[in-house]
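*Asks:* Handing you a structure now.
The values are calculated or read from the model by the stated rules, or taken from the named source; none is laboratory data. Note that the structure is predicted; figures quoted are calculated from it, not measured. Virtual Cβ from ideal backbone geometry, glycine too; neighbours counted across all protein chains shown. Heads up: the accessible areas ignore ligands, DNA and RNA and are worked out on the full protein's heavy atoms, side chains in. Shrake-Rupley method; radii C 1.70, N 1.55, O 1.52, S 1.80 Å.
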Amino acid sequence: MKALVVGTHNEHKLREIRDILLRLPVLLRPLPGTIPAVVEDAPTLIGNAILKACEYARATGEFCLAEDTGLEVDALGG
């Protein structure tokens, strides 16, 4: 079975991702608490997700899945 680190320190997001990928033959591992959060300075949500996945993969030496579910509000200029 393949292992995949979930690039988040948020337990709720980890549970959501586990629920979504429940039927896939992968072992999901939480991001170790010793790894600091990545600065999310990409111009897009997709860019931030890629940035986090790459940085956490480098830090752990394992494949990593990351996401960025930022909140965009038109009334606040995006």
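*Asks:* With the full set of protein chains in place, find how many percent of the accessible area of the chain is carbon and sulfur; take the probe as 1.4 Å.
*Replies:* C and S fraction of accessible area: 61 percent.
*Asks:* Consider the candidate values (i) 26, 14, 12; (ii) 29, 13, 10; (iii) 23, 15, 11; state which one is semi-axes √(5λ) of the Cα gyration tensor in Å computed from the structure displayed.
*Replies:* (iii)
*Asks:* With point charges of +1 on the Cβ of Lys and Arg and -1 on the Cβ of Asp and Glu, referenced to the Cα centre of the chain, which listed residue (Pro36, Val26, Gly77) lies farthest in the positive direction of the dipole?
*Replies:* About the Cα centre, the residue reaching furthest to the positive side is Val26.
*Asks:* Whole number in Å², please: accessible area per residue of the chain, 1.4 Å probe, ligands, DNA and RNA not counted.
*Replies:* For the chain, the per-residue accessible area is 73 Å².
*Asks:* Magnitude of the Cβ-charge dipole of the chain, K/R +1 and D/E -1, about the Cα centre, nearest 20 debye?
*Replies:* Rounded to the nearest 20 debye, it is 500 debye.
*Asks:* Next question. Output ³J(HN,Hα) for segment 13-20: one whole-Hz value per residue in order, computed from phi by the Karplus curve 6.51 cos²θ - 1.76 cosθ + 1.60 with θ = phi - 60°, and x for Gly and Pro.
*Replies:* Working through the residues one at a time gives 5, 4, 5, 4, 5, 4, 5, 5 Hz.
*Asks:* Taking the chain as the reference, fit the longest principal axis to its C-alpha atoms, fit the long axis of helix 45-60 to the helix C-alpha atoms, and give the angle between the two in degrees, 0 to 90, nearest 10.
*Replies:* For 45-60 against the chain, the angle is about 40 degrees.
*Asks:* Where Lys and Arg each count +1 and Asp and Glu each count -1, what net charge lies around Leu45 among other residues with Cβ under 12 Å from its Cβ?
*Replies:* -3
*Asks:* Return the long-range amide H neighbours of Val5 (sequence gap of 5 or more, or a different chain), with a cut-off of under 5 Å between placed amide H atoms.
*Replies:* Amide H to amide H, under 5 Å and 5 or more residues apart or across chains, Val5 pairs with Arg29, Phe63, Cys64, Leu65.
*Asks:* Still on this structure, please answer the following. Tell me the mean residue ellipticity at 222 nm calculated for the chain from its helices only (DSSP H runs of n ≥ 4, each -39500 (n - 2.57), averaged over every residue, nearest 500).
*Replies:* Using -39500 (n - 2.57) per qualifying helix, the result is -10500 deg cm²/dmol.
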